[in-house]
1. Which log10 I(q)/I(0) values, to two decimals, does segment 1-56 give at q = 0.16, 0.17, 0.20, 0.27 Å⁻¹ under the Debye formula with one point per Cα?
2. Which residues among segment 6-35 fall inside the zone where the amide N is under 20 Å from a point 7 Å beyond the Cα of residue 170, along Cα→Cβ?
3. Any idea what the dipole of segment 6-98 comes to, in debye rounded to 20, about its Cα centre with Lys/Arg Cβ at +1 and Asp/Glu Cβ at -1?
4. By how many degrees, between 0 and 90 and to the nearest 10, does the Cα long axis of helix 108-122 differ from the longest principal axis of the chain?
5. Kindly provide log₁₀ I(q)/I(0) values, in the same order as q = 0.14 Å⁻¹, from the Debye equation applied to equal alpha-carbon scatterers of segment 120-246.
6. Report, in debye and to the nearest 20, how large the dipole of the chain comes out about its Cα centre when Lys and Arg carry +1 and Asp and Glu carry -1 on their Cβ.
7. Dividing the alpha-carbon Rg of segment 96-138 by 2.2 N^0.38 Å yields what?
8. Multiplying the sequence separation of residue 189 and residue 38 by 0.36 nm and subtracting their Cα-Cα distance, what value in nm do you get?
Amino acid sequence: MNPAYLVVETRRLFRSPRFLIFVVAFPVIMFLLQATVFTDKSAADHVAVAGVLMVNMMTFGTFAAATTNGARLAIERAGGWQRQLRLTPLSGAGYLGGKALSGMLAGLPALILVPAIAAFSQGVHLDPAGWLRVFLGIFLGTLPLVLLGLLLGQSGTPESMQPISMIVTLGVGFLGGLWIPLEGMPSWMHDVAQLMPTYWVLGLVRPVVANQLLVSLPTAIGVLGAWTLVLGIVVVRRYRKDSARV
């Protein structure tokens, strides 16, 4: 992977207005709104509820970063940027790897800002090991979401990517437990939630903030690994198909 290419990709994402709105501002605003509406600071379970809302919005922020990254890919495909890159020493693996890693790095603002605000405004406090597990769990667990964003970018056009990414981000987030408390879901909806990758990302970190085990850690890692493998294969095959047209 070319470090210079990775830096360029990450900077381009950070300068995008869509990125600033949906990845930086939106998760923070939604966390503060939900914490105000759904919790009472005098309640005994306030910190636990605020912690759940925190990891939900951290995950949403990284998912929004992933689809924003995919939207950039659609623009590059339409503008012939991919064809130009294929004429350079940058390999296909380096290109896709750089795209995936930049999509993961783009989620860092949500991974930093949301917990900082949760700690200062809502009193969410974890030990160092807990903070580390939350950060790394969501950062690494959203790799399949990044690959899903790349797949959307490979399949859509610049004009269609905005509505597609919004529908996918909000739809998968809604069904996967980012907007509705999993405990409040009817049984059929809880079954549907388990088909969404966001459910398993929450499974990695939810016990840290709520002492509730959604699924075992090995199971969550295994399911997310399967999502990553399948989506990775599809993304690579789609890239090779596009390359064969040049």
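Since every read-out is calculated from the coordinates, none of them should be taken as a lab result. Quantities reported herein were computed from a predicted structural model and do not represent experimental measurements. Every residue, glycine as well, gets a Cβ built from its backbone with ideal geometry; the counts of neighbours run over all protein chains shown.
1. Treating every Cα as an identical point scatterer, log10 I(q)/I(0) equals -0.62, -0.65, -0.74, -0.98.
2. Within reach of a label on residue 170: 17-35.
3. For segment 6-98, the charge dipole is close to 580 debye.
4. 10
5. -0.72
6. That gives a dipole near 1140 debye.
7. Expressed relative to 2.2 N^0.38 Å, the Cα Rg reads 1.37.
8. So the chain would gain 52.3 nm between residue 189 and residue 38.
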